[in-house]
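Student: This is the structure, below, for whatever I ask next.
The values are calculated or read from the model by the stated rules, or taken from the named source; none is laboratory data. Quick caveat, the model's predicted, so the values are computed rather than measured. So basically every Cβ, Gly included, is an ideal-geometry build from the backbone, and we count neighbours across all protein chains shown.
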Amino acid sequence: MTAEKPLVRMKKRRLKKLPIIILVLLLLSTLLFFWMKFSFDSGLELAKDHGKTPKDYTFNGPINEDAKVNVLILGQDRVVDGSARTDSIMVAQYDYLNKKMKVISIMRDIYAEIPGGYQNYKINTAYTLGGPELLRKTIKHNLGIDLEYYAIINFKGFEQMVDELSPNGLPINVEKDMSAKIGVSLKKGQHNLSGKEVLGYARFRHDEEGDFGRVRRQQQVIKALEKEMVSLSAVIKAPKLAGIARGYVDTNMTNGDIFKTGASFMIRGDKDIQTLVVPVKNSYDMVDIYGAGSVLDINKEMNKKAIKEFLDK
């Protein structure tokens with residue numbers, strides 16, 4: 001009887017081990033899936049515990065096939081007599097191919113043409129008049145940005161996400177004492193702020209800088225959060241953070257969209273978030289217009305060009 005060659009025997013042993021390896025990989029994948037789902041659901045429950053019920057809005061943004069997603073992010077101020085107001089307008093773009101995140105802060109006092117037969121007014125008024133869909137059309141008409149999705153952030157949800165990401169507080173250098181109309185009292189200096197304090201800091205505008213100062217502070221907070229997101233604990237918390245976001249945020253993104261984008265950015269994304277403020281420097285004048293008050297009269301073509309260059313680079 002002819003003895004088997006050593007190479008043949010090695011191949012047979014490998015073939016015998018292959019089903020075991022496949023079984024182990026399937027088991028690990030299953031455990032990972034259920035852990036991620038459990039973490040996502042636990043984040044979702046935090047919102048339910050506070051009585052948050054996401055709403056569905058009409059939003060007809062085009063779905064582009066360029067491996068980039070553009071999301072209109074709104075911080076809802078409050079609802080008065082059934083009309084909602086937003087005190088922060090941002091556009092976030094995530095590039096799946098290059099793993100880059102970009103954020104545009106849009107000043108709410110931009111004097112804009114509002115489609116649909118409305119008179120010209122501050123750009124954030126479009127949200128009050130017709131929700132995220134009318135604001136989408138207004139941004140497209142005035143600034144040339146195609147927006148696929150919207151996300152209306154409940155401020156309680158923002159606080160919860162900050163506290164989950166930074167349980168010991170988010171390091172922020174507070175440039176001055178602040179207390180008026182922000183719900184918290186902050187002292188000048190370097191502090192680790194809770195979610196509620198971070199929100200108050202980011203919303204403060206009761207000084208000579210006004211909305212310009214608020215936008216600057218919002219971008220400062222983005223940079224501080226950016227540093228927290230490079231930690232291993234942040235990556236581990238990614239599914240739970242996505243669950244919190246889904247529970248507290250009104251959006252037309254599916255659970256899968258939120259998790260896929262969030263996980264891609266947290267695990268593989270470039271954490272150096274690029275930011276832009278619109279209107280860009282030297283492209284606007286502060287003017288008073290009857291019926292609208294003090295507004296930013298912008299050079300639209302100059303801003304459209306700056307936005308396109310920023311998003312395309």
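Student: Determine which member of the set Q76, Q93 is farther than 21 Å from F212 by Cβ, in contact with a Ser or Thr (Cβ under 8 Å, 6 or more places away or on another chain) and assigned to a strand (DSSP E or B).
Tutor: The conditions single out Q76.
Student: Next up: Give E148, E164 a once-over and let me know the one that is of a type in the set (D, E) and within 30 Å of E65 (Cβ to Cβ).
Tutor: Being of a type in the set (D, E) and within 30 Å of E65 (Cβ to Cβ) holds for just one of E148, E164, which is E148.
Student: Same structure, new question: Kindly check whether there is at least one residue in the stretch 188-208 that is touching a Ser or Thr at 6+ places or on another chain (Cβ under 7 Å) and crowded, with 18+ Cβ neighbours inside 10 Å.
Tutor: No, the stretch 188-208 contains no residue that is touching a Ser or Thr at 6+ places or on another chain (Cβ under 7 Å) and crowded, with 18+ Cβ neighbours inside 10 Å.
Student: Residue pairs, Cβ under 6 Å, 6 or more apart or interchain, first in the stretch 56-68 and closer than 15 Å to T138 by Cα, second among the aliphatic types (A, V, I, L, M). List them.
Tutor: Listed pairs, sorted by first residue: G61/L147.
Student: Return yes when V287 is touching a residue at least 12 places away in the same chain (Cβ under 8 Å) and within 26 Å of N168 (Cβ to Cβ) and no when it is not.
Tutor: Judged against the criteria, V287 is not a match.
Student: Restricting attention to the stretch 289-313, report how many residues are under 25 Å from the mean Cα position of the chain (by Cα) and either in a loop (DSSP other than H, G, I, E, B) or at positive phi (or both).
Tutor: Of the residues in that region, 1 qualify.
Student: Mind telling me which of the residues Y111, Y127, Y118 ends up being over 27 Å from M266 (Cα atoms), part of a strand (DSSP E or B) and over 15 Å from the mean Cα position of the chain (by Cα)?
Tutor: Y111
Student: Where in the stretch 189-281 are the helices (runs of 4 or more DSSP H), entirely inside, with at least 2 residues that are within 28 Å of I307 (Cα to Cα) and at pLDDT 90 or above?
Tutor: Hits in the stretch 189-281: 195-203, 211-228.
Student: Which residue is farthest from N252 (Cα to Cα), if the candidates are limited to the stretch 136-178 and must be hydrophobic (A, V, I, L, M, F, W, C) and in a loop (DSSP other than H, G, I, E, B)?
Tutor: Looking at residues that are hydrophobic (A, V, I, L, M, F, W, C) and in a loop (DSSP other than H, G, I, E, B), I get I145.
Student: Here's something else I'd like to know. Could you check how many residues of the stretch 259-304 are more than 27 Å from V69 (Cβ to Cβ) and small (G, A, S)?
Tutor: 4
Student: Looking at the stretch 227-241, can you tell me whether even one residue there is closer than 26 Å to L97 by Cβ, surrounded by 15 or more Cβ atoms within 10 Å (Cβ to Cβ) and in contact with a Lys or Arg (Cβ under 9 Å, 6 or more places away or on another chain)?
Tutor: Yes, because at least one residue in the stretch 227-241 is closer than 26 Å to L97 by Cβ, surrounded by 15 or more Cβ atoms within 10 Å (Cβ to Cβ) and in contact with a Lys or Arg (Cβ under 9 Å, 6 or more places away or on another chain).
Student: Pick out the one residue from M266, M253 that is under 19 Å from L147 (Cβ atoms) and crowded, with 17+ Cβ neighbours inside 10 Å.
Tutor: M253
Student: A further question on this structure: Inspect all residues belonging to the stretch 51-72 and state whether any of them is in a strand (DSSP E or B), modelled with pLDDT of 65 or more, within 19 Å of G130 (Cβ to Cβ) and touching a strand residue (DSSP E or B) at 6+ places or on another chain (Cβ under 7 Å).
Tutor: Yes, there is a match, as at least one residue in the stretch 51-72 is in a strand (DSSP E or B), modelled with pLDDT of 65 or more, within 19 Å of G130 (Cβ to Cβ) and touching a strand residue (DSSP E or B) at 6+ places or on another chain (Cβ under 7 Å).
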